Ligand code: SME
């Protein structure tokens, strides 16, 4: 499925007022994982209260031990402090990386801003080497902008 075709599906899920926010985020994770061939794990992390750490919220894919990630640690923790997208074509080339599964080859993390504040992120793991392009970044930025309106 193309990114453009997925956008109305994402919007439809976010508008499903009968579902909790967490459930809606879980449905988005599943939608992306099932419809983008190289998305093998999709999850949302959010800042954990007033602590300088991320907490895993909804996700689709294999369960991970890394439900709490301190700011600065791993790709996710680095994005929590840099406020910038982090595209990793080859996870083996990263020193500051937290492995969730040995099958993962690449990762993309895009921060989620509410009123200009970095409050979390969407994290995608891929079992395909170097799969992400700028189109993924633009699409995931768009997804996060939609989610931001919900968690505002
Ligand atoms: N690889 C991430 C940890 C989270 S898992 O990918 C689900 C990192 O280095 O921050």
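Any read-out appearing in this document is the output of simple, stated calculations on the displayed coordinates, not a laboratory observation. Keep in mind the model is a prediction, meaning the values are calculated, not measured. Here the Cβ positions follow ideal geometry from the backbone for every residue, glycine too, while neighbour counts run over all protein chains shown.
Quick notes on this structure:
- Check on residue 127, out of contact with any strand residue (DSSP E or B) (no Cβ under 9 Å at 6 or more places or on another chain) and either more than 10 Å from the ligand (Cβ to nearest atom) or within 24 Å of residue 148 (Cα to Cα) (or both): no
- Given (1) part of a loop (DSSP other than H, G, I, E, B); (2) touching a helix residue (DSSP H, G or I) at 6+ places or on another chain (Cβ under 9 Å); (3) within 16 Å of residue 32 (Cα to Cα), number of the condition residue 128 does not satisfy: (2)
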